[in-house]
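Take a look at the structure set out below.
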Amino acid sequence: MAAAAAALASSPLVHLTAAARLRLPKPRASASCSRWGCPRGAYLDWRPLRRCDRMRRFSVDEGGGGGEADGEKRSEEEPAAAAVEAKAGAVEEVASERSRSGSFSSSSSPSSATPGVSSEPSLLSFSVDSIDTVKLLELLGPEKVDPDDVKAIKEKFFGYTTFWLTREEPFGDLGEGVLFVGNLRGNKEEIFAKLQRQLRELTGDKYNLFMVEEPNSEEDDPRGGPRVSFGLLRREVSEPGPTTLWQYVISMLLFLLTVFSCIELGIASKISSLPPDIVSYFTDPNATGPPPDMQLLLPFVESALPVAYGVLAIQLFHEVGHFLAAYAKDVKLSIPFFIPNFTLGTFGSITQFKSILPDRKTMYDISMAGPLAGAALSFSMFSVGLWLSSNPAATSDLVQVPSNLFQGSLLLGLLSRAILGYSALHAATVLIHPLVIAGWCGLTTTAFNMLPVGCLDGGRALQGAFGKSALFGFGLTTYSLLGLGVLGGPLSLPWGLYVLLCQRTPEKPCLDDVSDVGTWRRSALIVSVFLVVLILIPVWDELAEDLGVGLVNTF
């Protein structure tokens, strides 16, 4: 807190020192002071100083004084009322000019004093030692709504025919907005559209109005659905900021790392074909002698590129699905931040909304478009790869992998068993086409991103379909299953940490955060979550032995 106060003291807007203080004549208290209960003289009634409204509450001396070098007493510093009235015009002109220039002079020397100001008693006395820390946090925090606008909205918008207001509550992450709680008097979509139109006519683009579920409501609305309230936030506070240059740089670096991790995945799939001297040199800690010729790795790197291309193509297709759906809904998205993973090639990507969403249908459609596109391409690669794996003509393109890898997914393992047959999967190793690896990794990554938790695609889709309150219960269940290793097997821990570090926060509410998305959207989400569970549940040894998925070693 002291560091924040020191930073404020050195700002060019207001220069604060213990010895030199700003001294302005004491005006008459405005009507707003008595209305809001502030001390007399704490608010300026000068229009040129309206931009400094957020700083008016700092260290206000009702009578000024206390900072003169000669120690004059307050009673000797009081000017006559007539002198203040006569020089009010000059003070307004000087204050307006200094407000436009963005700085105030704090010099107390006679040579630098402004005519008509230095001879008057001080109204505002700023000091680092006397700064109110609560007010400092208000200054540094987000812009709050104007009380005059709140009063006008209550008087002109709400009533018997629209929304009967009963109380007000703080709204927003830091309470910077106002939540109007009351009783709805008609169709919520029609009333919300009417209130939005009236708000634009009254304040222009200054605010955003949200229709949200009433917090801590014990009953539903008599007309159906949850009880609703209306939240008011400033536009610059509620809307996402633009993408910065550093975000572009970070996105590019993460993409390059993801390309490297995908190539490493392809090389790992060809590990059985590497020369023995290279494998022993990198795996045996007791290996001695000169390092092998690294030129021998070039053919294996080239053979690993199809797998890398496949995994990258799936993830890029996933992002294309998001952007096409967002373009159709006139919603802006940030650039994707790819997250590398050396087991699957990538964790997926983090894509942020750069526009405020109009309703929950928009959130659902954009969130589901990416996983559906990625899953469609992944399943196509996986199916074609299995067909090529069973085709004798494609034997030269096959790679050898351990058969117990097919135990990592119940659904994908059963599909592989159905196409490749019992004898192929019940051996120590299996020959498969590289498309099977790319499709398997793509489907697994898509399934993880469809988990109903946080800000993942599945979490956003669930929030859009069932509301933010339902996301809490599903998220807690998902975290528990990941922690116990029920979902994802050995990949559950890194994925759980990834979600906790990067994707745990739910998406911000839409403007219309109440309207229903429809039955078919909810049904599609339920089916998708069921398929996700089947993909991420591993095949345990007893079932794998019965189904012939992988070779189970018994001792």
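The values are calculated or read from the model by the stated rules, or taken from the named source; none is laboratory data. Just so we're clear, the structure is a prediction, and the values are computed from it rather than from any experiment. With ideal geometry, Cβ positions are generated from the backbone for all residues, glycine too; neighbour counts draw on all protein chains shown. Side chains are part of the model used for accessible areas, which takes the heavy atoms of the whole protein and leaves out ligands, DNA and RNA. Shrake-Rupley method; radii C 1.70, N 1.55, O 1.52, S 1.80 Å.
Going by the conditions given, is Pro242 of a type outside the set (Gly, Ala, Ser) and open to solvent by 70 Å² or more (accessible area, probe 1.4 Å)? It is true that Pro242 is of a type outside the set (Gly, Ala, Ser) and open to solvent by 70 Å² or more (accessible area, probe 1.4 Å).
If I filter segment 428-451 for residues that are touching a residue at least 60 places away in the same chain (Cβ under 8 Å), assigned to a loop (DSSP other than H, G, I, E, B), surrounded by fewer than 24 Cβ atoms within 10 Å (Cβ to Cβ) and not basic (Lys, Arg), do I get at least one hit? Within segment 428-451, one or more residues are touching a residue at least 60 places away in the same chain (Cβ under 8 Å), assigned to a loop (DSSP other than H, G, I, E, B), surrounded by fewer than 24 Cβ atoms within 10 Å (Cβ to Cβ) and not basic (Lys, Arg). Among the residues of segment 199-215, those identified as touching a strand residue (DSSP E or B) at 6+ places or on another chain (Cβ under 6 Å) and either of a type in the set (S, T, N, Q) or without any contact (Cβ under 8 Å) to a residue 60 or more places away in the chain (or both) are Leu199, Asn208, Glu214. The set of residues from segment 475-522 being free of Cβ contacts under 8 Å to residues at least 60 places away in the same chain, small (Gly, Ala, Ser) and on the phi < 0 side of the Ramachandran plot comprises Gly475, Ser480, Gly483, Ser492, Gly496.
On the stretch given as segment 348-360, residues that are outside any loop (DSSP other than H, G, I, E, B), touching a helix residue (DSSP H, G or I) at 6+ places or on another chain (Cβ under 7 Å) and open to solvent by 20 Å² or more (accessible area, probe 1.4 Å) total 1. Just one of (1) modelled with pLDDT of 90 or more; (2) open to solvent by less than 50 Å² (accessible area, probe 1.4 Å); (3) assigned to a helix (DSSP H, G or I) fails for Leu179. It is (3).
Just one of the listed residues (Leu536, Leu493, Leu500, Leu481) is modelled with pLDDT of 90 or more and of a type in the set (A, V, I, L, M, F, W, C), and it is Leu536. A count restricted to segment 320-334 and to residues that are of a type in the set (D, E, K, R) and within 17 Å of the chain's Cα centre (by Cα) stands at 1.
Taken over segment 211-251, the criterion of being among the aliphatic types (A, V, I, L, M) and farther than 15 Å from Lys468 by Cβ is satisfied by Leu232, Leu233, Val237, Leu245, Val249, Ile250. Just for segment 398-423: of the residues that are under 20 Å from Ser303 (Cα atoms) and surrounded by 17 or more Cβ atoms within 10 Å (Cβ to Cβ), which one is farthest from the chain's Cα centre (by Cα)? Ranking the qualifying residues of segment 398-423, first place goes to Leu398. Restricting to segment 460-470, count the residues that are open to solvent by less than 10 Å² (accessible area, probe 1.4 Å) and in a helix (DSSP H, G or I). Residues that pass the stated criteria total 5. Among the residues examined, Ser303 qualifies as open to solvent by 30 Å² or more (accessible area, probe 1.4 Å) and at pLDDT below 90. The residues of segment 216-250 that are in contact (Cβ under 8 Å) with a residue 40 or more places away in the chain, part of a loop (DSSP other than H, G, I, E, B) and acidic (Asp, Glu) amount to a single one, Glu239. If you go through segment 315-347 and keep only what is open to solvent by less than 30 Å² (accessible area, probe 1.4 Å), on the phi > 0 side of the Ramachandran plot and in a loop (DSSP other than H, G, I, E, B), you end up with nothing.
Could you give every pair whose Cβ atoms fall below 6 Å, whose first residue belongs to segment 397-418 and is within 13 Å of Gly439 (Cβ to Cβ), and whose second residue is open to solvent by 10 Å² or more (accessible area, probe 1.4 Å) and among the aliphatic types (A, V, I, L, M), counting only separations of at least 6 or pairs across chains? Taking only residues 6 or more apart or on different chains, the pairs are Ser409/Ile535; Leu411/Leu534; Leu411/Ile535. Do the conditions hold for Ser389, that is, is it closer than 30 Å to Thr505 by Cβ and surrounded by 17 or more Cβ atoms within 10 Å (Cβ to Cβ)? No.
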